[in-house]
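Colleague: This is the structure I want to talk about, given as structure tokens.
The values are calculated or read from the model by the stated rules, or taken from the named source; none is laboratory data. Note that the structure is predicted; figures quoted are calculated from it, not measured. Here the Cβ positions follow ideal geometry from the backbone for every residue, glycine too, while neighbour counts run over all protein chains shown. These accessible areas exclude ligands, DNA and RNA; they are computed on the full protein's heavy atoms, side chains included. Shrake-Rupley method; radii C 1.70, N 1.55, O 1.52, S 1.80 Å.
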Amino acid sequence: MNNSLYFAQYLLNTGLVKTEEIQGLLAKSLEAKPSLALMALREGMVTGQQLASLDVAADFAGQALGKNLLTAEQIETLNQVVPSDSMRFAQVMLDEGRVDFLRLEELFKSGDAVPDIIRASVRQLAGASLKTEAEAYGDFAEIFMRSFIRFMDMPAVIDNREPILGDSNQSHIVSQRLIGDISMTTGIVTSDPMFIEMARRYSHEDIKEIDELAADSLTEFLNVVNGLFAVDMARQDRDVDLEAPKIEANLLPVGNHQLLLRVYTACGSFVLVIASDEFVLKEKA
């Protein structure tokens, strides 16, 4: 189990970070540069207690060498490490004085020990009413979040509270139906500005409005995610086929056994929708 992508999710799930502040912290993490001291802690090269004895704001590398905490080769290795979103988020927590290295070491260990952080979030939101669907929905959400972080190149977390749809006058929904051994429909409901931001990040094009390129980008993204889910199901000897994705404006989805997941990112939020059958799209109230 790899929780390297989900440190912020762990902190949100445990209440150490609140929903009201998560988007701002994620936004700050985009620009954060993890220190060598933080990277050394995460890699298990030093302990929080050892870092507490150093002035890490000064010459950490020199001090670590002088005290024989790290070798020159280890420092060179740390300089080559590409920091993850989780490390950037941890650096923000340090910069804001929310944690010190000792506390951070504890959180890394406890977070690493939690199995299936994303699936746990889905199970919590699914509750008893969607207990039968929770496993498949959790499998999909795990693939969706990992794909979102990778393809959109920004951190994201699932809110631990059920969202309310219809909070934006101008919105779009991209959806796709999956049929076969597992039948369900997945969709993304997002405000128009967030739609444009996601399309821009996925396509790496300078998209400024919801045009054909923007629509193609988001439908392709959802199709890719669902394709990855179908591949994962095939490994479990379950055949899943994909119908063509759809896109609609200013409509809300209603489906059987429907689960709504608010996803917060560094640039805004959207709602991931999963249901056991095709959505019925209705006008907003």
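Colleague: So if I place +1 on the C-beta of Lys and Arg and -1 on the C-beta of Asp and Glu, and nothing else carries charge, what would the dipole magnitude of the chain be about its Cα centre? I want it in debye, nearest 20.
Modeller: For this selection, approximately 680 debye.
Colleague: Could you sort Glu21, Glu212, Glu43 by accessible area so the largest value comes first, with the probe set to 1.4 Å?
Modeller: Glu212, Glu43, Glu21
Colleague: Moving on. Describe numerically, in nm with one decimal, the distance between label points set 7 Å from Cα along Cα→Cβ at Asp181 and at Arg98.
Modeller: Output for this residue pair reads 4.1 nm.
Colleague: Which of the listed residues, Ala72, Gly48, Ala141, is farthest toward the dipole's positive end in the chain, when Lys, Arg count +1 and Asp, Glu count -1 at the beta-carbon?
Modeller: Gly48
Colleague: Something else: Residues of the range 207-285: accessible area per residue at 1.4 Å, in Å²?
Modeller: Here the per-residue accessible area is 49 Å².
Colleague: For Lys18 and Asp206, calculate 0.36 nm times their separation in residues minus their Cα-Cα distance, and state this gained length in nm to one decimal.
Modeller: 64.4 nm
Colleague: How large is the Rg to Rh ratio of the chain when both quantities use alpha carbon positions and Rh follows Kirkwood?
Modeller: Value, to two decimals: 1.02.
Colleague: Relative to the Cα centre, what is the charge dipole magnitude of the range 229-268, using +1 at the beta carbon of each Lys and Arg, -1 at the beta carbon of each Asp and Glu, and rounding to the nearest 20 debye?
Modeller: With Lys and Arg at +1 and Asp and Glu at -1, about 240 debye.
Colleague: Under 15 Å from a point 7 Å along the Cα-to-Cβ line of Arg238: which residues of the range 128-159 have their amide N that close?
Modeller: Residues passing the 15 Å test: 131-144.
Colleague: Now a separate question. Of the heavy-atom accessible surface of the chain (probe 1.4 angstrom), what whole percent is carbon and sulfur?
Modeller: 47 percent
Colleague: Enter the angle in degrees (range 0 to 90, nearest 10) between the Cα long axis of helix 134-152 and the first principal axis of the Cα atoms of the chain, meaning the one along which they spread out most.
Modeller: 60 degrees
Colleague: Which value in nm describes the separation of the simple spin-label points at Lys131 and Ala215, placed 7 Å from the Cα toward the beta carbon?
Modeller: Here the modelled spin labels are 4.3 nm apart.
Colleague: How far apart, in nanometres, would the label points at Ala72 and Asn250 be if each is projected 7 angstrom from Cα along the Cα-to-Cβ direction?
Modeller: The two pseudo-label positions are separated by 6.8 nm.
Colleague: For the pairs Lys28/Lys208; Lys208/Lys246; Lys33/Lys109; Lys28/Lys282; Lys28/Lys246, note any where the Cα-Cα span goes beyond 26 Å.
Modeller: Lys28/Lys282; Lys28/Lys246
Colleague: Now for a different question. I'd like to know which of Ala199, Thr186, Leu218 lies farthest towards the positive end of the charge dipole of the range 176-252, counting +1 on Cβ of Lys and Arg and -1 on Cβ of Asp and Glu.
Modeller: Looking along the dipole axis, the top candidate is Thr186.
Colleague: Follow-up question, since we're still on this one. By the gyration tensor of its Cα atoms, with a ≥ b ≥ c the square roots of the eigenvalues, what is the shape of the range 97-192: rounded for a/c under 1.5, prolate for a/b over b/c, or oblate?
Modeller: Cα axes put the range 97-192 in the prolate bin.
Colleague: Sum up the charges of everything whose Cβ sits under 9 Å from the Cβ of Pro155, counting Lys and Arg as +1 and Asp and Glu as -1, but leave Pro155 out.
Modeller: Neighbour charge sum, excluding Pro155 itself: 0.
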